[in-house]
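Beneath this line is the structure, given in structure tokens, with notes to follow.
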Amino acid sequence: MESTGSPQLNGGQLDGEKEAGNKLEEIKAMAIPMIRRLTGTVSIMKPWKEFFTFTRPRSSGEMSQRISKNLFYYQGNYGVCAVVLLLLWVLTTPSALFLCLLLVASWVAFLNKNSDPNWNPQIGGVPLNRTQRMLAMTVVSGALVLLFAGGLIVTVLCLSGILAVAHATFNSGAGKFEELAEEDLPLNAV
């Protein structure tokens, strides 16, 4: 047996994680980290009543202090607003909605095919294992999203940023963020 100098990956355990045995386990393995990240964002949200308290800043010093404190204090609310804005934009843009439906259908078909132990696609004569196929599908999906909806995503992110800064400027914080010390803010950590 001739050695090529590079290790062979034959599937199985990787980094101590058990490989998913069926489609449901694969979906769970992908969804659980996303759900944990989402629940982390939701747990740092502040009350919406407090979020919609507005007053005009009295000075430029107060304005800059409000911006730095509010952007940190309301980051969960800003994240939720950005996601809602993105979802609304996708639902009202036919090409983005079509892309989402196409990607969902492609992933369902791919996960169904990827669970077949007899499916052994090759690229350049090199067989791909399950992890490599999953990585390839993720890269192709990401490229399609950037190609066909990249402008929409950038627009929503810019609009969300502008709205967040405007909100941070005029939200009085209802006195709730007074417990934030200047050194606790990420912008002052440098």
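Structure data summary
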| item | result |
| --- | --- |
| Condition met for K69 (part of a helix (DSSP H, G or I), over 23 Å from the mean Cα position of the chain (by Cα), at pLDDT 90 or above and not β-branched (V, I, T)) | yes |
| Yes/no for V90 being closer than 17 Å to L159 by Cα, in a helix (DSSP H, G or I) and without any contact (Cβ under 8 Å) to a residue 40 or more places away in the chain | no |
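Quick grid of which residues meet (1) farther than 30 Å from I153 by Cα; (2) surrounded by 12 or more Cβ atoms within 10 Å (Cβ to Cβ); (3) touching a helix residue (DSSP H, G or I) at 6+ places or on another chain (Cβ under 8 Å); (4) in contact (Cβ under 8 Å) with a residue 40 or more places away in the chain:
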site	(1), (2), (3), (4)
F51	no, yes, yes, yes
V108	no, yes, no, no
D116	yes, no, no, no
G124	yes, no, no, no
T131	no, yes, no, yes
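The values are calculated or read from the model by the stated rules, or taken from the named source; none is laboratory data. Just so it is clear, the structure is predicted and the values come from calculations on it, not from any experiment. Counting neighbours? That spans all protein chains shown, and the Cβs are built from the backbone with ideal geometry, glycine included.
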